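Nothing in this text is a laboratory measurement; each read-out follows from the coordinates by a stated rule. Worth saying up front: this structure is predicted, and the values here are computed from it rather than measured. Methodologically, a virtual Cβ is constructed for each residue, glycine included, from the backbone with ideal geometry; neighbour enumeration extends over all protein chains shown.
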4 protein chains.
Amino acid sequence: MTAGMEKAGHRFPVRVYYEDTDAAGIVYYANYLKYAERARTEWLRAAGAGVGAALKGLIFVVRHCAIDYLQPAHLDELLEVETSLLAAAGAVLDLEQVVRRDGALLVRMQVKLACLNEAGRPARLPAALRAAFETHLQSQECA
Amino acid sequence: MTAGMEKAGHRFPVRVYYEDTDAAGIVYYANYLKYAERARTEWLRAAGAGVGAALKGLIFVVRHCAIDYLQPAHLDELLEVETSLLAAAGAVLDLEQVVRRDGALLVRMQVKLACLNEAGRPARLPAALRAAFETHLQSQECA
Amino acid sequence: MTAGMEKAGHRFPVRVYYEDTDAAGIVYYANYLKYAERARTEWLRAAGAGVGAALKGLIFVVRHCAIDYLQPAHLDELLEVETSLLAAAGAVLDLEQVVRRDGALLVRMQVKLACLNEAGRPARLPAALRAAFETHLQSQECA
Amino acid sequence: MTAGMEKAGHRFPVRVYYEDTDAAGIVYYANYLKYAERARTEWLRAAGAGVGAALKGLIFVVRHCAIDYLQPAHLDELLEVETSLLAAAGAVLDLEQVVRRDGALLVRMQVKLACLNEAGRPARLPAALRAAFETHLQSQECA
């Protein structure tokens, strides 16, 4: 990527409701993983019906997740999860997902996903998904 | 039951953790349904291995639930869920479940469960379960 | 209301994600209460900024909730929660909330809410909220 | 530590209920963070009443968390969370928490906690807690 280039991942809005908060008055730390999964699901959906069809019978499972909690979020705030592809190789996807409020960075996650078939064995990422990623990465680089 | 007799349902302890609370500083209203399901599971387990075996391939689903929220519970409190059988007929169980803290009544639930087989059709309650209930009700009446 | 009149409550979409489901492959029964609270929050927000301002320092707590589970919802389905005001008197709101998928009724809830002030005492519903309800009920009757 | 020595952290049992699982039939990935927080709470409680008193007005917040998901857990399984102190310095605790089923390692977490006072500022770990850690670490080394 060229210097000064903004990363342009997939953006997904999340509203904070009572269910998300805890007695400390902030979003409970485990719930950012829920937000992240919602965002990943919509990111895949945004990749198009062709990708959806190619993913039939496949499932993504989280193998590793590293989370930095920088600032808390509170009841009723409107957050945004940005999902960016870092790498796709074999049966593995590496993503970065960040949660922001009005542009301020609250939480940063690195997530490693394995693609499994119905028998629970690693399955190479479908060609349609790889193609969608190529386009996606391309558009990021040109953005 | 004779006057002054204490009802003697199955008792299950629950500790309140951060995950259970919300920004109002109390246990989030949906989470009492989690406590109730944990208690029902342990109530069935307490009915003995024979009942467990008889329940293989069967599943209980909640058909109706009515909940009175009388007093709130807070972080770190130790609660107790008492589960009492009200009626068992055909494929349906009627339960009362109450949540207490140091004897004080916080939440009262009435729960109607349907017993389903693997095809998702109503299934008569297994004889072993009915027998366990008979004993259970008997012991309540004699307590 | 005149015969044949459709009730026209507030509508709120909910997507089912993994976090909402359980090992039975359906939405976990407690999670409909989360959907219902999200919908109530957006229903109040839709009542306008004047209502929001009038509600400062007030909080709604659920006193009673009765839920009929008619049909299950599944992963990735798009649901809709419709919230209708049944009655508003003193410090109490009575609502009906139903969850539908493509028009089919899945879950029906009756919810009684108490309005409390910061001291935790019952507080009469603010005039701005009553006014919003009047308009709302009016528009329902004329719809 | 001497060779062959078992690490002896604090052990906390967790039963898997429906609320914990998802439509893939396994424990939902965010829920291990709930298990971990329950275990940390009981680990601190086990440190004794003196520590509890010293922690009044202080709160621990998670700053960083890295999780390896090695094997899934399923409905009704009995798990164990083992919590071990890695380091305690200034206002920061470093913990390792592992989740096992019958000795098999399922999930491994590294958690960094910051100790904050009521104003939300970093607060040095109380002396009573440090003393409890000394004893704790000592007993580990001698085990």
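Details
- Taken about its Cα centre, the protein assembly as shown carries a charge dipole of roughly 0 debye when the Cβ of each Lys and Arg holds +1 and the Cβ of each Asp and Glu holds -1.
- For region C:86-132 versus region B:18-42, the gap between their alpha-carbon centres in whole angstrom: 21
- Considering only C:Ala46, C:Leu58, C:Val98, and ranking their Cα positions along the charge dipole of region C:1-116 that arises from unit charges at the beta-carbon of Lys, Arg, Asp and Glu, the one farthest toward the positive end is C:Leu58.
- Assigned charges on the beta-carbon of Lys, Arg, Asp, Glu; region A:14-143 dipole about Cα centre (debye): 580
- In plain terms, the C-alpha convex hull of the protein assembly as shown casts an average shadow of 32.1 nm² when viewed from every direction.
- In this assembly of identical copies, the label point of C:Gly90 (Cα plus 7 Å along Cα-to-Cβ) is separated from its counterparts by 3.9, 5.6, 6.7 nm, sorted shortest first.
- What the phi angles of region D:54-70 give under the Karplus curve with 6.51, -1.76 and 1.60, with θ = phi - 60°, is a coupling list of 5, 8, 4, x, 9, 9, 9, 10, 7, 9, 8, 8, 10, 10, 9, 9, 9 Hz, glycine and proline written as x.
- Qualifying GluC sites (Glu not before Pro) for region D:64-143 [loop in DSSP, other Cβ within 10 Å: at most 13]: D:Glu118
- Dipole moment magnitude, nearest 20 debye, region B:64-125 about Cα centre, only Lys, Arg, Asp, Glu C-beta charged: 360
- The trypsin sites (Lys or Arg not before Pro) of region C:47-143 meeting both criteria, a DSSP state outside H, G, I, E and B (loop) and at most 10 other C-beta atoms within 10 angstrom of the site's C-beta, are C:Lys56.
- Among D:Leu79, D:Leu58, D:Leu95: highest mean-square fluctuation, GNM of chain D, C-alpha pairs under 10 Å: D:Leu58
- The same position C:Gly50 in the other copies lies at 5.2, 6.3, 6.9 nm from this copy, comparing label points 7 Å beyond Cα toward the beta-carbon, shortest first.
- Here the Kirkwood formula, the inverse mean of 1/r across different C-alpha pairs, assigns chain C a hydrodynamic radius of 16.1 Å.
- Entries in B:Lys34/D:Lys34; A:Lys112/B:Lys34; A:Lys56/B:Lys56; A:Lys34/D:Lys34 that, when Cα-Cα distance is taken, lie over 23 Å: A:Lys112/B:Lys34; A:Lys56/B:Lys56
- Remark on region B:6-64: hydrodynamic radius 13.7 angstrom, per the Kirkwood mean of 1/r across alpha carbon pairs.
- Distances between copies at C:Gly25, taken between label points 7 Å from Cα along the C-beta direction, are 1.0, 4.6, 4.6 nm in increasing order.
- Peptide-level mean, for A:60-72, of C-beta atoms on other protein chains within 10 Å: 5
- As a length-normalised measure over Cα pairs under 8 Å and 6 or more apart, the relative contact order of region C:10-142 settles at 28 percent.
- HN-Hα J in Hz across region D:76-93 - Karplus 6.51, -1.76, 1.60, θ = phi - 60°, x for Gly and Pro: 6, 6, 9, 10, 9, 9, 10, 10, 10, 7, 9, 7, 9, 8, x, 10, 10, 10
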